[in-house]
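Peer 1: Quick one: the structure is below, questions incoming.
The values are calculated or read from the model by the stated rules, or taken from the named source; none is laboratory data. As the structure is a prediction and not an experimental result, all values here were calculated from the model. Cβ placement follows ideal geometry from the backbone for every residue including glycine, while neighbour counts extend to all protein chains displayed.
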Amino acid sequence: METADAPVPEVRPEGEPKLVEELGQNVDEINVEVDELEKRLNEVQQFYSKTNKKQSITSKASLILKDKDKDKQLTSFKRRQQDASRREAAAAKRMQDLMRQLAVLLRQHIMGHKWAGPFMQPVDVVGLELHDYYEIIEKPMDFSTIMAKMEAKDGTGYKNVREICADVRLIFKNAMKYNDERNDVHVMAKTLLAKFEEKWLLLLPKVDEEDERRKKEEADAQLDMQLAQEVTHAKMSKDLQAELAVVDKRLEKLREVVLRNCRKMSTEEKKTLMTVLTQLSPEDLNKALLIVAQNNPDFQANDQEVDLDIDAQSESTLWKLKFFVKELLQNRGKSPTSIDGITAVNTNVNQNKRKKETNDAAGKPPQKRTKKAS
């Protein structure tokens, strides 16, 4: 998703309602964009949290991600996935050929045998009055059912030659299970099963070879898919960073507009703000002074001691300082009486290391001479 750098409304004192409306529209647009970015970010996070890759895969992916032309790499992976699809089709064709060879074997040596009659059609349970047949035999099977499934074109047919082999064995094992060893059907089934196993051994080397080939191709395809996903999500992460940077830029512009339209800070608010600043740790105080320096080129924030005249600061600088202090107090779990008024909180952090001067004459906010942390 491309994030447009939408224009931010300028300050127009005579059109304050319109300005507020335009700011609201900008905020709504940004909220929609952030929601979309958050969904994509969750997708990336879930990918990396759920994917348990081997070190070899991660190493290969890392090398690929260092390549400047990631789009070309991704295209290469997609091409390899297409090749994998073609290999899959070729493997399916080879398996069909093996199944045809097994069908020929069955017709010539098993189904054409003089004892194959009882096994060609489903058992006539009703006609033979075999009342307990389904209690003993869980899955009936016969050659007509096998051949129909081999010829099926609706996706219900056999996918692997071993499936056919298992059903052929099931025919004879069912007969041997239901009939006593001295029964003719049991003897015929045992004889034909032995003959089938003998013929199956002739085809087995080809079946084993195809299984090994298929396993290797599936492993290669899985590796390619994982690497392609890695590249895709890495590119998505990079795009998200760029889009978030654009959103941050828009938010900063909106913040500047809001600051330029803020009411003037009262003398009491300035005094409270100054009091809180005197209670900051050296590290946080340095950050506050950098805010002043960003908006006042003449202000020197790199001296050991600096003079901070709160009355000389612009309204935008004062409000930035207020927002900074509010966020600081909230993040540190402080509970002042009124954060909006940034009521002073007695932190007692490094108080003995900081130097402060207060001038309360005529209700004038103090001018702070601040000693910076070395």
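Peer 1: Can you say whether Ile146 is within 17 Å of Gln101 (Cβ to Cβ), at pLDDT 95 or above and in contact with a helix residue (DSSP H, G or I) (Cβ under 9 Å, 6 or more places away or on another chain), as far as the supplied structure shows?
Peer 2: The answer is yes for Ile146.
Peer 1: Also, quick follow-up: With respect to the numbered conditions (1) modelled with pLDDT under 95; (2) touching a Ser or Thr at 6+ places or on another chain (Cβ under 6 Å), which one is the sole condition not fulfilled by Asp154?
Peer 2: (2)
Yes/no matrix, rows are residues, columns are (1) outside the structural domain of Asp180 (by TED's automatic domain parsing); (2) outside any helix (DSSP H, G or I); (3) charged (D, E, K, R); (4) touching a Gly at 6+ places or on another chain (Cβ under 7 Å):
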| position | (1), (2), (3), (4) |
| --- | --- |
| Trp115 | no, yes, no, no |
| Pro122 | no, yes, no, no |
| Val126 | no, yes, no, no |
| His131 | no, yes, no, no |
| Tyr134 | no, no, no, no |
| Lys139 | no, yes, yes, no |
| Thr145 | no, no, no, no |
| Lys149 | no, no, yes, yes |
| Lys153 | no, yes, yes, no |
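Peer 1: Pick out the one residue from Glu33, Glu43 that is loosely packed, with under 14 Cβ neighbours inside 10 Å, within 21 Å of the chain's Cα centre (by Cα), modelled with pLDDT under 80 and of a type in the set (Asp, Glu).
Peer 2: Glu43
Peer 1: Would you pick out the residues in region 187-212 that are in contact with a helix residue (DSSP H, G or I) (Cβ under 7 Å, 6 or more places away or on another chain) and either closer than 18 Å to Leu102 by Cβ or of a type in the set (Gly, Ala, Ser) (or both)?
Peer 2: Ala189, Leu192, Leu193, Lys195, Phe196, Lys199, Trp200, Leu203, Lys206, Val207, Glu210
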